[in-house]
Protein chains: 2
Amino acid sequence: MTADSPLVSLADLRAAAERIAGTCLRTPVVPLVAPDGRVPFAVKAEGLQPTGAFKLRGATNAVALLDDEQRRAGVVTHSSGNHAQAVAYAAHAAGVRATIVIPETAPAIKVAATRRWGAEIVMVAPSERHARAEKIAAETGAELIPPYDDARVIAGQGTVGLEVVEQVPDLGTVVVPVSGGGLVSGIAAAVKALRPDVRVVAVEPELAGDLAEGWAAGERRVWSVEDTSRTVADGLRTDSVGVLNWEHITAYVDDVVTVSEEEILAAVGVVVRGARLVVEPSGAVAAAAVLAGRVGGGAGTTVAIASGANIDPSLLAALVGTQDQTVV
Amino acid sequence: MTADSPLVSLADLRAAAERIAGTCLRTPVVPLVAPDGRVPFAVKAEGLQPTGAFKLRGATNAVALLDDEQRRAGVVTHSSGNHAQAVAYAAHAAGVRATIVIPETAPAIKVAATRRWGAEIVMVAPSERHARAEKIAAETGAELIPPYDDARVIAGQGTVGLEVVEQVPDLGTVVVPVSGGGLVSGIAAAVKALRPDVRVVAVEPELAGDLAEGWAAGERRVWSVEDTSRTVADGLRTDSVGVLNWEHITAYVDDVVTVSEEEILAAVGVVVRGARLVVEPSGAVAAAAVLAGRVGGGAGTTVAIASGANIDPSLLAALVGTQDQTVV
């Protein structure tokens with residue numbers, strides 16, 4: 001990000017990588033091995049982060065950028081998912097107070113997962129969560145850390161892109177799940193800065209395909225949360241990509257594709273069996289697109305970002321035990 | 001290994017690390033997060049190796065040490081498990097022929113897993129496998145790569161120890177599963193060379209406790225395969241540790257403990273849920289010992305080696321779905 005451009009720069013990304021090194025894992029790129037021994041693609045295992053998802057990178061970068069006064073006032077965000085856990089963990093690791101505004105409709109298991117990092121939880125009606133978080137920020141001086149529409153967060157998530165370029169010398173295509181667009185914005189900025197020849201493909205569930213519709217139309221689209229909430233990929237139910245994210249996506253992403261619910265669920269089992277990694281439905285969306293042949297071919301290795309692993313154990317058990325071993 | 005000592009040296013280990021770098025993954029050390037947010041220990045994720053187990057390290061080192069004549073003749077081994085897949089994969093990666101002698105009693109799924117890397121499979125009666133592998137080596141000039149009682153293999157497995165010392169600056173204890181002893185021999189040699197203050201604890205299933213018995217008696221013990229085959233940890237059913245392995249263990253290991261079958265199965269679920277890694281029963285044995293409080297405390301981080309992830313999907317499903325979330 002410079003005076004001339006709202007887009008995160010390579011310098012922003014590299015600075016973020018230094019800031020998060022002590023808190024976030026440099027996750028491995030793991031080959032996905034088919035039953036016949038072929039390796040159709042690899043997955044980057046973001047589910048191995050201490051909070052089980054890539055979101056920790058952006059939250060850690062944002063917390064690291066607080067000045068002394070902000071550190072004393074703490075941070076606040078609204079989320080019931082992986083971003084909430086990420087902010088709680090990053091704040092805890094930095095010795096900063098965190099307040100997380102959670103909709104009353106959130107599953108108890110997600111509330112508990114956030115509380116365990118010591119954050120203060122404020123339960124509100126779903127429609128009030130944005131306003132309440134902003135009110136807390138205004139009243140207490142706490143710094144609001146948005147889940148995706150934020151340059152600090154985008155730069156943090158983009159460190160995934162720096163790593164994958166280093167880890168896979170013959171990289172050909174990076175496939176990234178999209179909800180609000182923080183991850184794909186950062187990865188695309190990093191990949192295009194270092195390896196403009198590498199393709200970046202964004203993937204959404206069909207049932208939360210606001211970006212795919214906007215990509216086709218040439219303008220950012222907003223869906224209803226009622227519509228996006230139909231997908232099993234509960235990390236990807238945001239109603240639209242963010243404004244700053246749309247800028248990054250249109251500048252850097254090569255293609256946007258969608259996958260069906262059946263493809264997402266099948267991909268969970270394929271990743272668990274083929275790469276020995278736990279993955280949640282949202283984290284299997286990129287792999288699902290490759291498995292469905294929707295990403296296209298081309299030279300070089302394809303890497304699907306397995307963005308998270310916070311899956312209900314009983315759903316995991318059901319998807320792992322299925323007998324379909326089909327891979328690309 | 002020098003003229004004066006049969007034990008692998010730090011130079012052997014470092015040379016092995018260079019040889020295997022292009023084929024084996026530098027696996028991450030992943031914190032195991034308890035439901036309340038505490039991190040009682042971490043696991044080193046050897047199941048992420050392309051063949052799903054640490055065995056690839058030793059096999060790759062042994063294949064890399066072949067001279068030109070040996071490369072032309074190929075390699076041979078006898079195994080139905082993770083070592084067979086490792087030799088097949090390492091040979092394939094190096095462009096060398098591999099012949100794997102497999103007992104007729106091996107599950108079809110393991111035979112298929114070995115065949116997929118292009119190895120030639122020779123099925124024999126279980127009692128004939130050693131003799132047949134040696135006969136093939138004598139007749140064809142193929143180099144025999146033993147599963148554990150071999151300095152090349154020990155040095156390869158020991159690269160796990162080099163990595164964990166680098167990855168965990170405050171390392172206090174390394175906990176390692178034992179069958180033939182290749183992994184614990186190499187890790188203990190590496191750890192004691194670099195960090196003599198770090199404890200190395202070896203773990204066996206009670207039902208395959210030949211080393212624990214030998215450790216108490218002060219001499220290497222051999223159990224019957226009928227006895228060791230009772231454990232669910234099918235990678236740890238060897239009848240004894242190797243001769244060279246016994247030398248390493250008595251020189252470098254601090255303690256040997258055992259775990260029950262129930263503790264092993266419970267630990268699979270804890271590792272999958274707490275570290276988001278697939279793990280097979282053999283790979284959960286070290287974690288089981290920590291969870292059972294059998295490793296002892298002391299300063300520094302405890303790292304359990306999660307040695308492999310080749311688990312039947314239906315067993316994985318059964319163990320993941322259980323509701324016991326108890327962690328240390």
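All of the numbers you see were taken from the coordinates with simple rules; none came from a lab. Treat the numbers as computed from the prediction; the structure is a model and nothing was measured. Quick reminder, even Gly has a Cβ in these numbers, built from the backbone with ideal geometry, and neighbours come from all protein chains shown.
A few comments on the model shown:
- With K and R counted +1 and D and E -1, the other residues having a Cβ less than 11 Å from that of B:GLN157 yield a net charge of +1.
- Across peptide A:310-320, the average count of Cβ atoms from other chains found within 10 Å of a residue's Cβ is 5.
- For the range A:153-197 and the range B:38-64, distance of Cα centres in Å: 27
- Among beta bridges identified by DSSP and lying wholly in the range B:1-147, the antiparallel ones come to about 25 percent.
- A from B by rotation - nearest chain B beta carbon to the axis, in Å: B:ALA317, 2
- Long-range HN-HN contacts of A:ALA98 with modeled amide H, under 5 Å: A:VAL75, A:GLU120
- Think of the range B:56-144 as a dipole: +1 on every Lys or Arg Cβ, -1 on every Asp or Glu Cβ, centred on the Cα centre; then among B:ALA112, B:ALA93, B:ALA131, B:ALA112 lies furthest on the positive end.
- Chain B, relative contact order [Cα under 8 Å, separation at least 6], %: 20
- Inter-chain shielding of A:272-281 (mean C-beta neighbours from other protein chains, 10 Å cut-off): 5
- Table column - 3J(HN,Hα) (Hz), the range B:151-161, Karplus curve with 6.51, -1.76, 1.60, x for Gly and Pro: 5, 5, 5, 4, 5, x, 5, x, 4, 4, x
- Over the range A:195-241: Kirkwood hydrodynamic radius from C-alpha pairwise inverse distances, Å: 11.3
- For B:ARG221, net neighbour charge (Lys/Arg +1, Asp/Glu -1) across residues whose Cβ lies under 10 Å away: -3
- Relative packing of A:63-69, A:301-307, which averages over residues the other C-beta atoms within 10 Å, highest first: A:301-307, A:63-69
- When you filter the GluC sites (Glu not before Pro) in the range A:180-249 for DSSP loop state and at most 14 other Cβ atoms inside 10 Å of their Cβ, you are left with A:GLU219.
- Here the mean projected area of the convex hull built on the C-alpha positions of chain A is 15.4 nm².
- Amide H contacts of A:VAL124: A:ILE102, A:GLU104, each under 5 Å away and 5 or more positions distant or on a separate chain (H built 1.01 Å from N in the peptide plane; Pro and chain starts excluded).
- Positive minus negative residues near B:LEU32 (Lys, Arg vs Asp, Glu; Cβ under 12 Å): +4
- Of the beta bridges in the protein assembly as shown, as assigned by DSSP with both residues counted there, near 15 percent are antiparallel.
- Both radii are taken from the alpha-carbon atoms of the range B:12-53; with Rh as the Kirkwood radius, Rg/Rh is 1.15.
- For q = 0.13, 0.16, 0.23 Å⁻¹, Debye-computed log10 I/I(0) when each Cα of the range B:56-144 counts as one equal scatterer: -0.35, -0.53, -1.08
- Of the trypsin sites (Lys or Arg not before Pro) found in the range A:25-74, those that fall in a DSSP loop while having at most 13 other beta-carbon atoms within 10 Å are A:ARG38.
- In this structure the amide hydrogen of A:GLY172, modeled in the peptide plane, comes within under 5 Å of the amide hydrogens of A:THR301, A:THR302, A:VAL303, none closer than 5 places in sequence on its chain.
- Pairs of Cα atoms farther than 17 Å apart, the range A:111-157, %: 51
- Taken over the alpha carbons of the protein assembly as shown as equal point scatterers, the Debye sum produces base-10 log I(q)/I(0) values at 0.06, 0.09 Å⁻¹ of -0.33, -0.73.
- Theoretical ellipticity at 222 nm over chain B - DSSP helices of four or more residues, -39500 (n - 2.57) apiece, nearest 500: -13000 deg cm²/dmol
- Cross-link reach is defined here as a Cα-Cα straight distance under 16 Å, omitting same-chain residues fewer than 8 places apart; for B:LYS55 the lysines meeting it are B:LYS44, B:LYS110.
- Aspartates and glutamates whose Cα lies under 19 Å from that of B:LYS135, excluding same-chain neighbours fewer than 8 positions away: B:GLU69, B:GLU104, B:GLU120, B:GLU143, B:ASP149, B:ASP150
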